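The values are calculated or read from the model by the stated rules, or taken from the named source; none is laboratory data. This structure is a prediction, so every number in the text was calculated from the model and none was measured. Positions of Cβ are generated from backbone atoms using ideal geometry, with glycine treated the same way; all protein chains shown enter the neighbour counts.
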Ligand SMILES: [Cu+2]
């Protein structure tokens with residue numbers, strides 16, 4: 001239980017940090033991408049997390065099915081959830097549904113994009129070009145604003161390493 005609280009608070013702290021940066025958004029058809037950002041990484045991190053809010057103002061559901069970026073070997077759509085008190089992460093093979101008229105937020109501890117095998121360390125202030133792929137809206141080019149993690153309290157820093165560990169066995173991270 002304590003772990004859940006810590007992770008929840010960690011996510012809140014990160015979001016609070018993110019809101020301090022200039023907002024930016026992108027539109028494609030009925031889809032609006034609000035403030036796409038990525039968390040700064042430690043040197044040689046095997047993965048990096050990408051986050052954003054996706055609004056669907058249309059009358060049909062759409063689906064975020066993946067993405068690509070020159071800054072990483074692969075981009076996957078992931079879900080994080082608590083199972084028996086343990087944080088687990090899994091790839092969503094069919095992507096993430098964005099229901100009609102609704103908004104879905106990708107954030108730490110929840111849905112996220114996983115940048116597998118970053119080609120360089122992500123540091124605060126960088127802008128990472130990323131192309132999102134939607135089933136209906138098609139490809140949408142955005143830039144992830146890299147936010148610092150340094151403002152998080154030391155005892156909350158563990159989830160980053162835990163997250164890296166969870167991906168250690170995945171194809172794509174083994175190379176290098
Ligand atoms: Cu992940």
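Does segment 123-146 contain at least one residue that is away from the ligand (no atom under 16 Å from the Cβ), under 23 Å from residue 42 (Cα atoms), touching a helix residue (DSSP H, G or I) at 6+ places or on another chain (Cβ under 9 Å) and at pLDDT 95 or above?
yes
Please indicate, with yes or no, whether at least one residue in segment 20-34 is crowded, with 17+ Cβ neighbours inside 10 Å, under 20 Å from residue 102 (Cα atoms) and in contact with a helix residue (DSSP H, G or I) (Cβ under 8 Å, 6 or more places away or on another chain).
no
Quick one: is residue 97 surrounded by fewer than 21 Cβ atoms within 10 Å (Cβ to Cβ), within 16 Å of the ligand (Cβ to nearest atom) and in a strand (DSSP E or B)?
In short, no.
Considering only segment 42-59, I want to know if a residue exists there that is more than 16 Å from the ligand (Cβ to nearest atom), without any contact (Cβ under 8 Å) to a residue 40 or more places away in the chain and touching a strand residue (DSSP E or B) at 6+ places or on another chain (Cβ under 9 Å).
no
Does residue 81 satisfy the criteria of being more than 15 Å from the ligand (Cβ to nearest atom) and without any contact (Cβ under 8 Å) to a residue 60 or more places away in the chain?
In short, no.
Looking only at segment 40-62, which residues are assigned to a strand (DSSP E or B) and surrounded by 18 or more Cβ atoms within 10 Å (Cβ to Cβ)?
Across segment 40-62, the qualifying residues are 47, 48, 49, 50, 51, 52, 54, 55, 56, 62.
Scan 117, 67, 109 and give me the residue that is surrounded by 14 or more Cβ atoms within 10 Å (Cβ to Cβ), modelled with pLDDT under 95 and closer than 28 Å to residue 43 by Cα.
One residue alone meets the criteria, 109.
So residue 86 passes all but one of these: (1) more than 14 Å from the ligand (Cβ to nearest atom); (2) modelled with pLDDT of 95 or more; (3) surrounded by fewer than 18 Cβ atoms within 10 Å (Cβ to Cβ). Which condition number does it fail?
(2)
Is one or more of the residues making up segment 70-85 in a strand (DSSP E or B) and at positive phi?
no
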